[in-house]
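Please read the structure below before turning to the comments.
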Amino acid sequence: MEARAPEWARAFWLRRQMIDHDRQFAVNIRSKRMSYKHNEKYEKSELYRIRHSAAHIMAQAVMEMFPEAKIAIGPPIENGFYYDFDLPRNLTPEDLKAIEKRMRQIIAGRHPFVRKVVSAEEAKKVFADQPYKLELIENLERGSTDEHGNPLDEKPEISFYTHDTFTDLCRGPHVEHTGQINPSAVKLLSVAGAYWRGDEHNPQLQRIYGTAWKTPQELKDHLHMLEEAKKRDHRKLGKELDIFTFDEEVGPGLPLWLPNGGIIIEELEKLAKEIELAHGYERVRTPHLTKEALFIRSGHLPYYAESMYPPMEMEGVRYYIKPMNCPMHHKIFAARPRSYRDLPLRLAEYGTCYRYEKSGELFGLMRVRSMQMNDAHIYCSEEDFEREFMDVIAMYMEYFEIFGIEKYIMRFSTHDKAGLGKKYVDNERLWLKTEDMVRQAMENGNVNYVEVPGEAAFYGPKIDVQVWSAIGKEFTLATNQVDFAVPPRFDLKFKNSRGEDETPLCIHRAPLSTHERMIGFLIEHYAGKFPVWLAPQQVSIIPITDDQNEYTVKLERQLKAEGVRAKADLGSDRMNAKIRAAQKRQVPYMLVVGQREVEAQTVSLRKRDGSRQNGMPVGEFIQMVKERIVTRSPEL
RNA sequence: GCCACCGUAGCUCAAUGGUAGAGCAAUCGCUUCGUAAGCGAUCGGUUGUGGGUUCGAUUCCCACCGGUGGCUCCA
């Protein structure tokens with residue numbers, strides 16, 4: 001008999017895998033305040049000083065070009081730096097070239113960076129006509145936040161850094177003199193709009209992004225890496241591999257899944273159904289439309305209206321297209337009286353939702369307006385909460401192991417005080433309580449996570465799994481959310497063992513994200529080389545001459561009968577061209593058949609990695625493919 | 001939504017103030033070949049859409065649509 005060790009316990013070897021070292025993101029596990037984007041090691045590095053100094057040099061060049069420019073902030077970032085300016089006119093690509101050229105001249109001057117601690121009075125005098133700097137100085141004076149808007153514990157010193165003719169309010173550190181920057185390892189990349197202090201109600205500034213390295217070779221390598229990343233961008237691969245398309249007349253953010261994409265969706269749903277069955281979920285189905293009343297009750301309308309498609313009116317009643325499935329699932333819970341014996345009730349649905357994302361936020365498949373969520377709602381008592389919550393985490397692990405997903409961070413997204421009653425339901429006591437429940441569960445399960453305040457859902461805290469797209473954008477893939485707020489609004493109740501009414505907690509979870517984001521992510525994760533079970537076409541059968549056509553068709557029939565996605569390639573192309581075509585489509589297996597194979601009833605197997613196995617008996621090949629498919633093996 | 005840039009054939013790209021070409025793909029022939037492109041022919045575009053300037057606009061200007069890089073926002 002099996003000891004009923006919590007099923008999720010085995011998953012927690014994960015500890016060491018949590019952090020993406022390549023990105024130099026800091027660990028800062030369980031640190032309350034630090035964003036995981038901070039990295040002390042980076043902040044102490046020479047590269048950081050080089051980039052920080054390059055930002056100042058760029059600001060000098062811009063000030064020379066526009067003496068009336070107002071300067072904002074210019075920090076180093078991952079792989080580079082930026083500086084924000086308020087300028088009399090918009091920058092052009094030619095301006096960037098001129099600024100870059102001027103930067104090289106300044107660098108050649110070998111100007112020392114000189115630090116000077118000043119009083120707030122003095123600082124204000126120097127920056128009297130620099131409103132953004134004045135605002136920063138006032139903040140420093142109050143000791144409330146640093147230049148990133150992060151809260152500070154103690155009142156910091158106010159310091160200036162001066163090189164050549166340029167002085168900036170800055171905490172440093174910098175290189176000793178501009179000559180320590182290699183002028184051929186610096187490059188300005190782009191201009192972008194950016195709101196002052198990241199708030200869209202503030203004026204928009206012009207941000208210049210640049211990159212800087214120690215050597216020209218490092219710069220070259222970095223630019224090369226950016227090029228390589230573009231090649232694995234799901235928007236490019238998705239087109240090349242015929243997975244999805246967008247059509248101007250259909251609308252932005254509304255993907256059309258091509259047959260190949262349809263196959264991947266089917267496979268993912270099959271996987272989800274298997275795993276959810278094993279974890280005790282039941283499948284339900286709900287409409288895409290509901291009356292306004294439902295979303296008023298759920299509380300989505302005040303908090304979420306901006307992201308919803310506008311209502312449509314029929315016979316005097318307003319209907320909304322659903323942006324999420326939860327309210328309907330709540331109604332299924334409420335469809336009949338519930339006993340504690342019914343709990344935990346786990347309702348799953350690949351629900352289709354529509355959200356009106358702002359046009360500029362759309363991003364290929366990763367951010368769309370129509371999506372199918374790997375959704376489920378778990379209704380449970382408080383006592384069952386930890387087990388249920390961690391069972392979802394265990395499910396993440398099961399999936400991530402199948403996909404070989406290793407680079408991610410679990411983000412514990414909590415509320416912040418400022419958002420209470422605005423972004424978040426106004427019940428601080430329950431926020432603190434449920435956050436503590438999640439924290440405890442994660443600690444007990446020994447799962448690593450990073451706590452980030454201000455990222456919670458409006459109804460409760462959550463554990464998000466953060467991943468990065470090929471070109472470095474961060475996305476939430478999976479999510480596991482606590483909801484203490486909505487079940488009471490729906491008046492959800494169950495009879496506990498003492499015969500009393502109790503309100504269940506609700507866990508919203510989406511381990512496989514949405515089809516859209518998951519597949520966008522997987523395309524990049526695999527660089528288009530899907531494992532056999534997910535590959536839209538698994539086998540291409542290629543005759544060497546027309547004489548083998550009959551054998552080729554027979555093989556195709558045989559493979560299809562075994563559930564293998566095989567296709568005979570009978571065109572008039574030469575074998576070599578057919579192989580090339582299959583390679584470009586990333587078909588895992590090519591079966592080349594000539595006279596020898598027909599006679600021996602074998603196949604010559606070529607895998608997409610180029611490896612070959614000649615004279616393989618047909619039965620042996622079929623067995624191998626089926627084994628790969630059934631076990632969802634990552635092996636080719 | 002905001003700022004900037006971009007939009008030529010299914011795809012990748014070229015060209016010009018005098019209405020556009022190439023390669024690949026597709027189609028049709030020829031070729032029958034042993035592990036990443038055989039040869040030839042044909043087809044394919046009101047240069048994203050609408051307006052304006054001009055004798056003439058695909059090229060210049062404006063608006064809209066769509067995309068890209070950011071900001072804001074998020075599964």
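Treating the beta-carbon of each Lys and Arg as +1 and of each Asp and Glu as -1, no other charges, what is the dipole magnitude of the range A:539-630 about its Cα centre, to the nearest 20 debye? Spell out each step's value before the answer.
Numbers: 17 positive and 12 negative charges, 103 e Å.
Once rounded to the nearest 20, the dipole reads 500 debye.
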| task | Over the range A:539-630, with every protein chain in place, what whole percent of the accessible area is carbon and sulfur at 1.4 Å, could you tell me? | result | 46 percent
| task | Please report, in debye to the nearest 20, how large the charge dipole of the range A:295-452 is about its Cα centre when each Lys and Arg carries +1 at its beta carbon and each Asp and Glu carries -1 there. | result | 580 debye
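Just to confirm the filter: which GluC sites (Glu not before Pro) across the range A:498-569 are DSSP coil and have at most 13 other Cβ within 10 angstrom of their Cβ? Mind showing how you got there, number by number?
Working: sites: A:GLU500, A:GLU502, A:GLU516, A:GLU524, A:GLU550, A:GLU556, A:GLU562; in loops: A:GLU500, A:GLU562.
Here the GluC sites (Glu not before Pro) that fit, given the DSSP loop and packing criteria, are A:GLU500, A:GLU562.
Between A:GLU313 and A:LEU254, what FRET efficiency follows from the Cβ-Cβ distance if R0 is 30 Å, with the result rounded to 0.05?
0.85
Kindly provide the trypsin sites (Lys or Arg not before Pro) of the range A:185-294 that DSSP labels as loop, not H, G, I, E or B, and whose Cβ sees at most 13 other Cβ atoms within 10 Å. Each step should come with its number before you reach the end.
Working: sites: A:LYS187, A:ARG197, A:ARG207, A:LYS214, A:LYS220, A:LYS230, A:LYS231, A:ARG232, A:ARG235, A:LYS236, A:LYS239, A:LYS270, A:LYS273, A:ARG283, A:ARG285, A:LYS291; in loops: A:LYS214, A:ARG232, A:ARG285.
Passing both the DSSP loop test and the Cβ count: A:ARG285.
Hey, can you find the accessible area per residue of chain A for me, probe 1.4 Å, expressed in square angstrom?
Details: 30110 Å² over 636 residues.
Value for chain A: 47 Å² per residue.
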| request: Give me the net charge of A:MET65's neighbourhood, meaning all other residues with Cβ under 14 Å from the Cβ of A:MET65; Lys, Arg count +1, Asp, Glu -1. | output: -1
| field | Within-12-Å neighbourhood charge of A:GLY360 [Cβ basis; K, R +1; D, E -1] | value | -1
| said: Using protein chains only and a probe of 1.4 angstrom, how many square angstrom of A:ASP491 are accessible, to the nearest 10? | reply: 100 Å²
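Please go through the residue pairs A:LYS560/A:LYS584; A:LYS407/A:LYS493; A:LYS97/A:LYS236; A:LYS422/A:LYS473 and name each one whose alpha carbons sit more than 31 Å apart in this structure. Could you put the intermediate results ahead of the total?
Details: A:LYS560/A:LYS584 22 Å; A:LYS407/A:LYS493 40 Å; A:LYS97/A:LYS236 29 Å; A:LYS422/A:LYS473 27 Å.
A:LYS407/A:LYS493, as the Cα separations exceed 31 Å there.
May I ask you to give the percent of accessible area on the range A:43-231 that is carbon plus sulfur, with a probe radius of 1.4 Å?
Details: 4770 of 9410 Å².
It is 51 percent, rounded to a whole number.
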| field | Exposure ranking of A:THR215, A:THR514 by accessible area [1.4 Å probe, largest first] | value | A:THR215, A:THR514
| request: Report, ordered by chain and residue number, the lysines lying within cross-link reach of A:LYS124, taken as a straight Cα distance under 26 Å and ignoring same-chain residues fewer than 8 apart. | output: A:LYS70, A:LYS116, A:LYS133, A:LYS155
| note | The distance between the Cα centres of the range A:581-636 and the range A:156-220, in whole Å, is 54 Å
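What does the charge add up to near A:MET328, with Lys and Arg as +1, Asp and Glu as -1, over the other residues with Cβ less than 12 Å from its Cβ?
Details: positive: A:ARG285, A:LYS291, A:ARG297, A:LYS322, A:LYS331; negative: A:GLU349, A:ASP375.
Every neighbour counted, the sum reads +3.
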| remark: Computed about the Cα centre, the charge dipole of chain A from +1 Lys/Arg and -1 Asp/Glu charges at the Cβ has a magnitude in debye, to the nearest 20, of 800 debye
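Write down the percent of antiparallel bridges among all DSSP beta bridges whose residues are both part of the range A:539-630, to the nearest 5.
On the way: 8 of 16 bridges.
Roughly 50 percent of the beta bridges in the range A:539-630 run antiparallel, per DSSP.
The values are calculated or read from the model by the stated rules, or taken from the named source; none is laboratory data. Note that the structure is a prediction, hence the values are computed from the model and not measured. Positions of Cβ are backbone-derived with ideal geometry, glycine not excepted, and every protein chain shown enters the neighbour counts. Heads up: the accessible areas ignore ligands, DNA and RNA and are worked out on the full protein's heavy atoms, side chains in. Shrake-Rupley method; radii C 1.70, N 1.55, O 1.52, S 1.80 Å.
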